[in-house]
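A.B. asks: Right, I'll just put the structure down here and ask away after.
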Amino acid sequence: MGDRLPSWVPGATRTAVEQFLDRAVDVPVEQRVACFDNDGTLWCERPTYPQFDFFVDVLTTAVGKDPALAREPEFAALISHDQVAIGELGLERIALALAGLCNGLAPEEFTALVRDFMSRAMHPTLDRPLRANTYQPMLELLLALRDLDFTLAVVTGGGTEFVRALSQDLYAVPPERVVGTLIEYDYSDAAGRPALTRTARLVGGANEGSVKVSNIQTQLGRRPILAAGNSGGDRQMLEWAATGAGPTLALLVDHDDDQREFRYVSSAETFAESEPITDVARREGWTVVSMAKDWSTVFAG
């Protein structure tokens, strides 16, 4: 199969991944399922999530049309960059307010907005297009798994529809294999023309923690033998994959490279954690990917 992982530095981490790939050929094809978190696992999530940047872009356009929106607490905090107010309001409340800006859009309209934004957005500090901030080593791993007939899924805390608009293009993962935070749609049938429009109502809460595992089962129907993540919000998904039968791999991306990316320990957004996810990973014997030591290249392109 040649060099399947050219951007992975030889060492214990690469060996663990390659050994899993070698052993996976003995697993029945229908059981070859791999689930990847998105933010911080497949692409850069700092200093802000790309989806957050998208909604702020939508807000900027909306305020230009209706200046009164700027007086709403969530939007006022964002526009004034008031970090204290943002912290007091909480990311979840602000995210729901931002999502509400797209109320009434048809699914196709929302997808078009996302793709337009990603075609022009730049990362605020890395001086590269936002869409170019996918991790090259993870793209190589996706390709190696695809060559082994794995079913690949993106399991994200982000909005399902936001990631679905990009998953095929960025990761060659079809929209129906994106499991994320779901919003409800309203159905109408005016004059015999059925239509769907977005709401800001969530279906079942944010896709973090144990909810990820539940949603994998309800939406995909198969247990992964490989799970990759980077934060406390991915813990239960990695635990579930690691304790399955046969060869398994729980892969945690450790952001320890402040020269090429950022240095931080990722945490869940919607619940408190009892310990850092990197401590959990080392205690459980998961494969921890040091971005600084295990990847010769970070970004694709």
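A.B. asks: Condition test on residue 134, is it at pLDDT 95 or above, under 20 Å from residue 295 (Cα atoms) and of a type in the set (Ser, Thr, Tyr)? Write out each step before concluding.
C.D. replies: Working: at pLDDT 95 or above: yes; under 20 Å from residue 295 (Cα atoms): yes; of a type in the set (Ser, Thr, Tyr): yes.
Judged against the criteria, residue 134 is a match.
A.B. asks: Looking at region 22-30, is at least one residue surrounded by 17 or more Cβ atoms within 10 Å (Cβ to Cβ) and either touching a residue at least 40 places away in the same chain (Cβ under 8 Å) or in a loop (DSSP other than H, G, I, E, B) (or both)? Give the derivation first.
C.D. replies: Residues of region 22-30 surrounded by 17 or more Cβ atoms within 10 Å (Cβ to Cβ): 24, 27.
Going one step further and asking which of them are either touching a residue at least 40 places away in the same chain (Cβ under 8 Å) or in a loop (DSSP other than H, G, I, E, B) (or both), we end up with 24, 27.
So far as region 22-30 goes, yes, one or more of its residues are surrounded by 17 or more Cβ atoms within 10 Å (Cβ to Cβ) and either touching a residue at least 40 places away in the same chain (Cβ under 8 Å) or in a loop (DSSP other than H, G, I, E, B) (or both).
A.B. asks: Only residues in region 149-168 that are within 22 Å of residue 102 (Cα to Cα) count as the first member; pair them with residues that are outside any helix (DSSP H, G or I) and among the charged types (D, E, K, R), Cβ under 8 angstrom, at least 6 apart or cross-chain, and list the lot.
C.D. replies: If the second residue must be outside any helix (DSSP H, G or I) and among the charged types (D, E, K, R), the pairs left are 156/37; 156/39; 157/37; 157/39; 157/208; 157/269; 158/39; 161/198.
A.B. asks: If residue 187 satisfies every condition in (1) aromatic (Phe, Trp, Tyr); (2) touching a residue at least 60 places away in the same chain (Cβ under 8 Å); (3) in contact with a Leu (Cβ under 8 Å, 6 or more places away or on another chain) but one, which is the exception?
C.D. replies: (2)
A.B. asks: Output the residues belonging to region 263-290 that are modelled with pLDDT of 95 or more, assigned to a loop (DSSP other than H, G, I, E, B) and surrounded by 18 or more Cβ atoms within 10 Å (Cβ to Cβ).
C.D. replies: 286
A.B. asks: Moving on. Please specify each residue of region 1-18 satisfying the condition of being on the phi < 0 side of the Ramachandran plot and without any contact (Cβ under 8 Å) to a residue 12 or more places away in the chain.
C.D. replies: Hits for region 1-18 are 3, 10, 12, 15.
A.B. asks: Do we find that residue 151 is touching an Asp or Glu at 6+ places or on another chain (Cβ under 9 Å), modelled with pLDDT of 95 or more and of a type in the set (Val, Ile, Thr) in this structure? Break it down stepwise before answering.
C.D. replies: Values: touching an Asp or Glu at 6+ places or on another chain (Cβ under 9 Å): yes; modelled with pLDDT of 95 or more: yes; of a type in the set (Val, Ile, Thr): yes.
So residue 151 fits the description; yes.
A.B. asks: Restricting the search to region 251-262, which residues are closer than 20 Å to residue 130 by Cα, surrounded by 14 or more Cβ atoms within 10 Å (Cβ to Cβ) and of a type outside the set (A, V, I, L, M, F, W, C)?
C.D. replies: Those that are closer than 20 Å to residue 130 by Cα, surrounded by 14 or more Cβ atoms within 10 Å (Cβ to Cβ) and of a type outside the set (A, V, I, L, M, F, W, C): 255, 257, 261.
A.B. asks: Moving on. What number of residues within region 164-195 are closer than 19 Å to residue 270 by Cα and not small (Gly, Ala, Ser)? Steps first, answer last, please.
C.D. replies: Step one: list which residues in region 164-195 are closer than 19 Å to residue 270 by Cα, which gives 179-183.
Narrowing the set further to residues that are not small (Gly, Ala, Ser) leaves 179, 181-183.
Qualifying residue count, region 164-195: 4.
A.B. asks: Same structure, new question: Which members of region 171-195 meet the condition of being touching a strand residue (DSSP E or B) at 6+ places or on another chain (Cβ under 6 Å) and under 19 Å from residue 33 (Cα atoms)?
C.D. replies: 173, 177, 178, 179, 180 - these are the residues of region 171-195 that are touching a strand residue (DSSP E or B) at 6+ places or on another chain (Cβ under 6 Å) and under 19 Å from residue 33 (Cα atoms).
A.B. asks: OK, next. Taking residue 179 as meeting all but one of (1) touching a residue at least 24 places away in the same chain (Cβ under 8 Å); (2) assigned to a strand (DSSP E or B); (3) under 22 Å from the mean Cα position of the chain (by Cα); (4) closer than 18 Å to residue 97 by Cα, write down the number of the exception.
C.D. replies: That leaves (4) as the condition not met.
A.B. asks: Identify all residues within region 100-124 that are at pLDDT below 95 and either of a type in the set (Phe, Trp, Tyr) or within 15 Å of residue 50 (Cα to Cα) (or both); write none if there are none.
C.D. replies: Hit for region 100-124 is 124, nothing else.
A.B. asks: When residue 207 is evaluated against the numbered criteria (1) assigned to a loop (DSSP other than H, G, I, E, B); (2) surrounded by fewer than 21 Cβ atoms within 10 Å (Cβ to Cβ); (3) not aliphatic (A, V, I, L, M), which criterion, by number, is the only one it fails?
C.D. replies: Going through (1) assigned to a loop (DSSP other than H, G, I, E, B); (2) surrounded by fewer than 21 Cβ atoms within 10 Å (Cβ to Cβ); (3) not aliphatic (A, V, I, L, M) one by one, residue 207 breaks only (2).
A.B. asks: Right, another one. For the structure I just gave you, tell me whether residue 198 is outside any strand (DSSP E or B), at pLDDT 95 or above and basic (Lys, Arg).
C.D. replies: No, not satisfied.
A.B. asks: Okay, next question. All but one of (1) among the charged types (D, E, K, R); (2) modelled with pLDDT of 95 or more; (3) more than 21 Å from residue 43 (Cα to Cα) hold for residue 193, so report the exception by its number.
C.D. replies: Among (1) among the charged types (D, E, K, R); (2) modelled with pLDDT of 95 or more; (3) more than 21 Å from residue 43 (Cα to Cα), residue 193 violates only (2).
The values are calculated or read from the model by the stated rules, or taken from the named source; none is laboratory data. Not measured: the values here are computed from a predicted model. All Cβ positions, even for glycine, are placed from backbone atoms using ideal geometry, and neighbour counts span all protein chains on display.
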